[in-house]
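The values are calculated or read from the model by the stated rules, or taken from the named source; none is laboratory data. All of these numbers come straight from a predicted model, not from anything done at the bench. When we count neighbours, we look across all protein chains shown, and the Cβ atoms used for this are built from the backbone with ideal geometry, even at glycine. The accessibility values were calculated without ligands, DNA or RNA, using every heavy atom of the protein model including side chains. Shrake-Rupley method; radii C 1.70, N 1.55, O 1.52, S 1.80 Å.
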Amino acid sequence: MSGLESLYQQIIVDHSKHPHGVGLQQGEETSHQLNPTCGDEITLALRWNENGDRIESIGWEGAGCSISQASASLLASLADDDAEAGNAWTAEQLQALIDEFREALRSRGATPLDEERFGDAAALSGVSKFVARVKCAMLAWVAAEDLLQRRAG
Amino acid sequence: MLYGRAEVLDALPPHLYGGSAITTVTLEKAHFLPAPQRFEPGTPRVAQAIALAEAVRFVSEIGIDRIAATEHAVAERLVSGLKALPGIRVLGDAAVAPGGRVALASVVVEGVHAHDAGQVLDDQGIAVRVGHHCAQPLHRRFGATASLRLSAGVHTTAEEVERAIEAVAGIRAFFGLTEEGAA
């Protein structure tokens with residue numbers, strides 16, 4: 001697989017064209033993240049269960065390059081998949097996932113994302129070889145982290 | 001570079017203060033050297049001055065008319081080649097001409113974000129600028145969020161222009177967009 005094809009894997013192209021989890025509800029708490037160098041933006045919401053201890057789903061809206069949009073879509077899709085399997089994330093679990101994601105993306109290709117844990121989102125591993133695009137892939141995850149931090153106070 | 005009449009320049013106060021720009025300084029008043037020294041306090045920009053002289057020599061050797069003619073020919077082919085591609089929109093309708101379009105073309109690849117399009121060209125060794133090029137209002141006017149800017153110069157060969165056009169033509173296909181769906 002060429003470098004370019006590892007960056008734009010079919011899963012990423014598909015998610016950027018048909019994104020998952022798009023749509024925000026009136027009045028829900030969101031985090032807006034903007035990459036001023038390229039204009040990519042993501043507004044994201046974490047939707048908690050009644051007890052407020054697990055994430056049922058993630059909603060978002062945004063505009064930008066296919067990497068930033070696919071990454072948001074893949075995060076929302078992963079949250080849904082885990083919730084449907086009865087493994088909805090706690091705040092700690094999501095934070096651990098974000099940390100692992102960040103570490104892999106900053107590894108310049110040394111540490112790929114674990115497919116067991118990240119599912120389709122593991123396709124974003126290829127981004128880590130393109131330093132200039134890491135920020136695009138991080139945007140939605142940074143928005144999620146911002147919401148977790150606000151919640152923790 | 002600042003170019004002006006001596007009496008006007010000498011009437012202007014310095015915009016920076018520093019060594020080698022004054023004649024006499026008292027507690028009441030400072031007297032500055034005539035231009036250009038009054039505007040060049042501190043360590044002179046030696047490297048920049050040498051580079052400027054080199055640049056002038058380069059342009060003089062080739063001849064500014066020849067540079068213009070070469071860039072003109074390159075731009076003609078670049079713009080017409082890009083305009084003929086389906087799904088590719090060349091921004092602006094100025095003709096390639098003196099006083100018109102210079103040797104560059106900003107394009108929008110329909111359905112593909114400029115940063116993704118630029119990445120495909122980069123992979124083929126073609127360097128372009130992507131983004132809004134410090135011209136957000138203009139992009140809004142064209143209904144585009146960002147564009148891809150291909151710039152040519154006196155070094156650009158006809159073969160390179162063909163390669164660039166071909167590479168741009170392949171961008172939409174790389175992202176699985178068919179030309180039937182082109183705008």
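Based on the Cβ-Cβ distance from B:His15 to B:Ser151, what FRET efficiency comes out when R0 is 30 Å, to the nearest 0.05? In this case the efficiency is close to 0.40.
Mind putting a number on the dipole of the range B:73-173 about its Cα centre? Charges go on the C-beta only, +1 for Lys and Arg and -1 for Asp and Glu, and I need it in Debye to the nearest 20.
On the way: 10 positive and 10 negative charges, 90 e Å.
Once rounded to the nearest 20, the dipole reads 440 debye.
Between the Cα long axis of helix A:66-84 and the first principal axis of chain A there is an angle of about 50°, rounded to the nearest 10.
Rounded to the nearest 10 degrees, the inclination of helix A:131-152 to the longest alpha-carbon principal axis of chain A is 10 degrees.
So, with a 1.4 angstrom probe, what is the percent of accessible area on the range B:64-181 that is carbon and sulfur? Its accessible area is 55 percent carbon and sulfur atoms.
From most to least packed by mean Cβ count within 10 Å, the peptides B:118-131, A:126-139, A:79-92 give A:126-139, B:118-131, A:79-92.
Straight-line cross-link reach from A:Lys135 at under 13 Å between alpha-carbon atoms covers these aspartates and glutamates, not counting any fewer than eight positions away in the same chain: A:Asp40, A:Glu41, A:Glu103. For the protein assembly as shown, what class follows from the C-alpha gyration tensor (a ≥ b ≥ c being the square roots of its eigenvalues): rounded when a/c is under 1.5, otherwise prolate if a/b is larger than b/c, else oblate? Here the protein assembly as shown falls in the oblate category.
Beyond 21 Å, the tail of the calculated P(r) for the range B:64-181 holds 35 percent of the Cα pairs.
Cβ-Cβ distance of A:Lys129 and B:Glu166, R₀ of 22 Å, FRET efficiency by 1/(1 + (r/R0)^6): the value works out to about 0.30. Take the accessible area of chain B alone and of chain A alone, subtract that of the pair, and you get about 1100 Å² summed over both chains, using a 1.4 Å probe.
Accessible surface for the range B:1-79, divided over its residues, is 78 Å² per residue with a 1.4 Å probe.
Only Cα sites of the range A:57-153 enter the Debye sum here, all with the same form factor; the resulting log10 I(q)/I(0) across q = 0.12, 0.13 1/Å is -0.35, -0.41, listed in q order. The residues of the range A:3-152 expose, per residue, 46 Å² of accessible area to a 1.4 Å probe.
The charge dipole of the protein assembly as shown, taken about its Cα centre with unit charges on the Cβ of Lys, Arg, Asp and Glu (plus for the first two, minus for the last two), comes to roughly 1620 debye.
Using a 1.4 angstrom probe on protein heavy atoms only, which residues from the range A:6-20 are buried by at least 40 Å² of accessible area when all chains are present rather than their own chain alone? Buried on complex formation: A:Tyr8, A:Lys17.
The accessible surface of chain A, taken with every protein chain in place and a 1.4 Å probe, is 45 percent carbon and sulfur.
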